[in-house]
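See structure below.
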Amino acid sequence: QVQPVESGGGSVPAGGSLRLSCEASGRTFSSRALGWFRQAPGMARQFVAAVGHNDEVTYAGSVKGRFTISRDNAKNTVYLQMNNLQPQDTARYSCAVSSRLSSYDRDYNYWGQGTQVPVSS
């Protein structure tokens with residue numbers, strides 16, 4: 001069983017930065033892909049970024065160049081550095097674990113509870 005737990009959310013003004021962390025328990029962390037998704041109120045869940053077991057990364061077009069995903073296998077943790085945040089980035093951000101790199105939420109088996117990121121204008 002793998003249980004991701006997110007941290008690092010909070011209010012931030014437009015143009016600000018925030019780093020989210022997600023620690024996932026389990027001995028197979030290094031062989032897994034990790035993804036970040038977000039969901040704004042009344043909206044469908046949206047892919048943000050993912051990193052594969054070999055450090056290959058993929059991003060949604062809306063965050064490319066502003067967000068950076070990385071992983072630390074020694075700490076069983078994946079990070080999402082978010083720069084130049086905008087009000088449209090306001091959402092609940094969740095991390096998830098998959099057996100392969102994917103931008104589709106259906107490919108992810110384990111999900112965290114999420115952390116709120118409100119961005120004020």
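The values are calculated or read from the model by the stated rules, or taken from the named source; none is laboratory data. These figures come from a predicted structure and were not determined experimentally. Positions of Cβ are backbone-derived with ideal geometry, glycine not excepted, and every protein chain shown enters the neighbour counts. Areas reflect the complete protein model, heavy atoms only, side chains present, ligands, DNA and RNA absent. Shrake-Rupley method; radii C 1.70, N 1.55, O 1.52, S 1.80 Å.
Would you mind counting up the charge near Val2? Only other residues with Cβ under 10 Å from its Cβ, with Lys and Arg at +1 and Asp and Glu at -1. Walk me through the numbers on the way to the answer.
Values: positive: Arg27, Arg32; negative: none.
That sum, taken over residues with Cβ under 10 Å, equals +2.
Kirkwood hydrodynamic radius, computed over distinct alpha-carbon pairs, for the chain: how many Å, to one decimal? Kindly include the intermediate steps, with their values, before the conclusion.
Numbers: mean 1/r = 0.0714 Å⁻¹.
With all distinct Cα pairs of the chain included, I get 14.0 Å.
Using a Förster radius of 22 Å, what is the FRET efficiency between Asp107 and Lys75 based on their Cβ-Cβ separation? Nearest 0.05, please. It would help to have the intermediate numbers written out before the result.
Working: r = 24 Å, r/R0 = 1.08.
So, using R0 = 22 Å, E works out to roughly 0.40.
Relative to the Cα centre, what is the charge dipole magnitude of the chain, using +1 at the beta carbon of each Lys and Arg, -1 at the beta carbon of each Asp and Glu, and rounding to the nearest 20 debye? Working shown, then result.
Working: 12 positive and 8 negative charges, 12 e Å.
Around 60 debye, computed over the chain.
Per 0.36 nm of contour for each residue apart, how much would the distance between Ala14 and Asn83 grow if the chain were fully extended, relative to their Cα-Cα spacing? Intermediate values should be presented prior to the final figure.
Values: separation 69, 0.36 × 69 = 24.84 nm, distance 0.96 nm.
The Ala14-Asn83 span can extend by a further 23.9 nm.
Roll a 1.4 angstrom probe over the protein heavy atoms and tell me the percent of accessible area of the chain that is carbon or sulfur. Could the numbers behind the result be given before it?
Working: 2750 of 6190 Å².
For the chain, the apolar C and S fraction of the accessible surface comes to 44 percent.
Restrict the search to region 88-117; then list the trypsin sites (Lys or Arg not before Pro) that DSSP places in a loop and that have at most 15 other Cβ atoms within 10 Å of their Cβ.
On the way: sites: Arg92, Arg100, Arg106; in loops: Arg100.
Sites meeting the loop and neighbour criteria: Arg100.
Taking only the C-alpha atoms, wrap a convex hull around region 44-108 and report its volume per residue in Å³ as a whole number.
Values: hull volume 6.0 nm³, N = 65.
Hull volume over Cα atoms, normalised by residue count, gives 92 Å³.
Please list, by residue number, every one of the GluC sites (Glu not before Pro) in region 1-109 that is coil in DSSP and has at most 15 other beta-carbon atoms within 10 Å.
Values: sites: Glu6, Glu23, Glu56; in loops: Glu56.
Loop-located and lightly packed - Glu56.
Just Gly61, Gly52, Gly35 to compare: in a GNM of the chain, with alpha carbon springs under 10 Å, which one fluctuates most?
Gly61
Restricting to Cα pairs below 8 Å that are 6+ residues apart, what does the relative contact order work out to for the chain? Please round to a whole percent. Let's see the in-between values first.
Numbers: 310 pairs, mean separation 44.1, N = 121.
Rounded, it is 36 percent for the chain.
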